[in-house]
Structures are given as C-alpha cells and as structure tokens.
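Step one of this worksheet: look at the structure below.
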Amino acid sequence: MDKYKIAIVDDHQLFRDGIDSLLSKQEDFEVVISSENGKDFFKKLKKGVQPDLLLLDLTMPEMNGFEVLVKLKKKYPSIKAIAISMHDDGNYIMQSIRGGAYGYLLKNTDEEELLLAIDTVLKGNKYFNQDISQRMINIMSLEGVSPKKLSPKEMEILKLIADGQTTKEIAQKLFISTRTVETHRNNMMKKLDVKNTPELINKAAQLNLL
C-alpha cells in the first residue's frame, strides 16, 4: 500500500523537524514537502510533488496560512489542510474554516491527537476537538445575533462589501441604485449593532456570515 504524502508548512525549523520525525515513525505516512512559508510550498507543488494532506501554520512571513488556504482551495482542492496554530482565538478558527481547513489544532497538541486528526481528515472527515468546537459555537452565537436576521439580498450585498467592492460597483452588479445599496448597508449595521463598514465586516466575520 502506498504511503499517504504529507506536507508541513511552518516558519519554525524545529517545529517542522519535530513533526517530520514523528510522522516518519509511522508506517502509513511520508513527508514529501517541508516549507518555511506559503510561497516556497507552492513552488514545490509546481514541481509535481502533490501531498494528500497539509499541516499548515497560520502566522508566517511571505504568505500566511490564511492566504495558503484560499489559494489551495482554488488551485489544489484535492489537498486537505489542517491548520496548526498557537492561537486559540475564535476568529482564527472561523477564518481557517471559511478558508477550507479540514481541521484546527493547537501547537501544544499531543502526538495521539495529531495522528487522530490526520487519520480523520485523510478519511474525508473534519476534525475539531471539544475545546475548538466550543469556541466555534461561542463565536457563532456571539451576542445572540443570528444570521437569519439578514435577508438574502443583504447577505449578497454584505459579501460584495467584504470583497472590497464600492457602492457604485455593487449597484451596477446587482442592477439596483446606489441609494438602495446604502439603505441595505445601513440596515445591516443596525441589525449587527455596528457603526461603520469596517466594524460591519469584522462583526460579520465573527458571526461566520461571510
């Protein structure tokens, strides 16, 4: 049976070496890529070595983990990624999930849980332990705001705002007036109890609306 190919992307050499050493002891795994940032990782992918699974740090120079997830989802959707981070903040977790991560682990995770997460994701399932799952639930129910409070049209405009499109661009895209776009924007700010567009986008991200 062929071994599962694993990639490790982290800007700390000691961490990469530690994971590599751990996985090398397993009969089913082979580390085929070890990179210090996202740019180097994608360079190696272009050379033809494609892993089954990626263990991905989120905070790195050159190209961070969130950027890697977005590009991975577009260009290499068959590669499943598990985010591994020192941050247990709910925003990091939710942003990783929106980016397409199949799992989220903290860097103090023990060997047993790491192997369990890898095995779970390789089987096509997602892995979030009880603590991470609870943080996901907490942030999704932040301040009791429900996604159902926003109408389908508001959700559509919200996503375009988050993509950086201007009021005029949104109006042209949706064949509505700029005044209508502003009305929807103001209604969303009232519903989410925020004062400006940056706060609107941040709150929407916290609530997993984007």
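For segment 18-44, filtered to residues that are farther than 21 Å from LEU72 by Cβ and touching a residue at least 12 places away in the same chain (Cβ under 8 Å), the residue that is least open to solvent (accessible area, probe 1.4 Å) is LEU22. Number of residues in segment 64-97 that are surrounded by 16 or more Cβ atoms within 10 Å (Cβ to Cβ), modelled with pLDDT under 90 and not small (Gly, Ala, Ser): the value is 5. For residues that are more than 18 Å from the chain's Cα centre (by Cα) and surrounded by fewer than 23 Cβ atoms within 10 Å (Cβ to Cβ), tally how many sit in segment 45-62. The total comes to 6. When you check LEU115 against the structure, is it of a type outside the set (Gly, Ala, Ser), open to solvent by 10 Å² or more (accessible area, probe 1.4 Å) and part of a helix (DSSP H, G or I), yes or no? Criteria met by LEU115. Annotation note: Cβ proximity below 9 Å between a residue of segment 72-85 that is more than 10 Å from GLY100 (Cβ to Cβ) and a residue that is among the basic types (Lys, Arg) (sequence gap 6+ or interchain) occurs for ILE84/LYS107; SER85/LYS107. Note on segment 8-29: residues that are among the charged types (D, E, K, R) and in contact with a helix residue (DSSP H, G or I) (Cβ under 8 Å, 6 or more places away or on another chain) amount to 1. In segment 163-180, the residues that are more than 20 Å from LEU209 (Cβ to Cβ) and open to solvent by 80 Å² or more (accessible area, probe 1.4 Å) form Cβ pairs under 7 Å with partners that are assigned to a helix (DSSP H, G or I) and not aromatic (Phe, Trp, Tyr), at six or more places apart or across chains, as follows: LYS168/THR178.
The values are calculated or read from the model by the stated rules, or taken from the named source; none is laboratory data. On a predicted model such as this, the values are computed, not experimentally measured, just so you know. Glycine also receives a Cβ, built like all others from the backbone with ideal geometry; neighbour counts cover every protein chain displayed. For accessibility, only protein heavy atoms count, side chains too; no ligands or nucleic acids. Shrake-Rupley method; radii C 1.70, N 1.55, O 1.52, S 1.80 Å.
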